[in-house]
Each structure stands twice: as structure tokens, then as C-alpha cells.
Amino acid sequence: MKHYVRLLSVALAAMLALSACGFKLRGTGPQPILPFKTLFVSVAETSPLGVQLRRNLDVMSNIEIVSDRKLADAALEVLNEGRDKQVLSLNSQGRVREYTLLYRVNFRVVDKEGRQLLAPTDLVIRRIQSFNENQVLAKEAEEATLFREMQSDLVQQVLRRVSAIKPVQ
């Protein structure tokens, strides 16, 4: 019983310490408020970035995603999206030691009259991944995980940029 009480007190102390430092899980804080009531998202339905972008927009209470561009106050247009993998360094035998993973998104926001509210903006996220040819399957899984995390970061950055727009009066 003493062990249980001691374990409980340690867990409680850890929770208090984390809450005192301002720690919050991603997505539990205040969501950015977009300056539009309705938004059209111009990105392929099958794009993983588009799916995650729409999912994050659905969570926001102040915006409605519409499927017809004419009904929207603004349109978020993803002009270009791409992933890239470049060799960063080689070992003494000429084999790959590290890769640079890149995730790029180019987007803009226009209002219903076609005026640019946000000029075409490039966002690029880079991650460095070590590589070991003896662990190819594990490194492929790590690469997929890194790209998912990079995509999530890009979606958050896009939403922050869109929420900073001051609509034309």
C-alpha cells in the first residue's frame, strides 16, 4: 500500500510540475480564428495534406468549409505541394549516411472577387535523417513518420498564416 501511495504522489507531483510550466498538448490550446465565415479549400481530396487541412478546419468552430467556390468568402489555394529526399552526407565507402527530407507547400488565399488576400507563400520544412543500410525497413518507417510530422507542422503554419490575414473592408 505504501508503494501505491508513493507512486501516486510522484505522478501527482509530475502533473503539477508540468502544469506549472505552461505545458500543453498540441491542439489543446486556443485554435487560430480565421477572418472568414466560409472557406473553399482548393486541394485534391486525395492529398494527405488536403485531408489533414480540412480536418483541422472542421475542428474550428468559427468557419464552414464549402464545396462551391462561389459560396465562399475566401479560397485557400494550394498551388504546389511536394516531398523530396536529398543525400546529405556519405561515409568513407561512399554510402549514404544522412538524408535531408524536405516538404514544400506553396499556397495563396483569394477572396470571392479574386483579390489576393495572401500572396503566394512558400513554406519549406527540413528534417535530417540518419541512414543505416542494415536497418532499411526501420529507416523507411522513420521516414514516413517524419513526413507525417512535417505535414502536420505545415498544416499548423498554413492555418496561422491564414488567421493573420486582415480582410479587405
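The values are calculated or read from the model by the stated rules, or taken from the named source; none is laboratory data. Small disclaimer: the values here were computed from a predicted structure and weren't measured. FYI the Cβ positions are ideal-geometry reconstructions off the backbone, even for glycines, and counts take in every protein chain you see. Heads up: the accessible areas ignore ligands, DNA and RNA and are worked out on the full protein's heavy atoms, side chains in. Shrake-Rupley method; radii C 1.70, N 1.55, O 1.52, S 1.80 Å.
Identify all residues within region 116-136 that are farther than 12 Å from Phe147 by Cα, in contact (Cβ under 8 Å) with a residue 40 or more places away in the chain and loosely packed, with under 12 Cβ neighbours inside 10 Å; write none if there are none. Scanning region 116-136 gives no hits.
Could you please let me know if Arg108 is assigned to a strand (DSSP E or B), open to solvent by 30 Å² or more (accessible area, probe 1.4 Å) and farther than 15 Å from Val155 by Cβ? Spell out how you get there, then give the answer.
On the way: assigned to a strand (DSSP E or B): yes; open to solvent by 30 Å² or more (accessible area, probe 1.4 Å): yes; farther than 15 Å from Val155 by Cβ: yes.
Taking the combined requirement at face value, the residue satisfies it.
Being open to solvent by 40 Å² or more (accessible area, probe 1.4 Å), in contact (Cβ under 8 Å) with a residue 60 or more places away in the chain and part of a strand (DSSP E or B) is true of Arg83. Being touching a Ser or Thr at 6+ places or on another chain (Cβ under 7 Å), buried (at least 17 other Cβ atoms within 10 Å of the Cβ) and of a type outside the set (A, V, I, L, M) is a condition met by no residue of region 89-102.
Is at least one residue of region 72-80 touching a Leu at 6+ places or on another chain (Cβ under 8 Å) and open to solvent by 80 Å² or more (accessible area, probe 1.4 Å)? Taking every residue of region 72-80 in turn, none turns out to be touching a Leu at 6+ places or on another chain (Cβ under 8 Å) and open to solvent by 80 Å² or more (accessible area, probe 1.4 Å). Across region 13-25, a minimum of one residue is classified as assigned to a loop (DSSP other than H, G, I, E, B), open to solvent by less than 60 Å² (accessible area, probe 1.4 Å) and modelled with pLDDT under 80.
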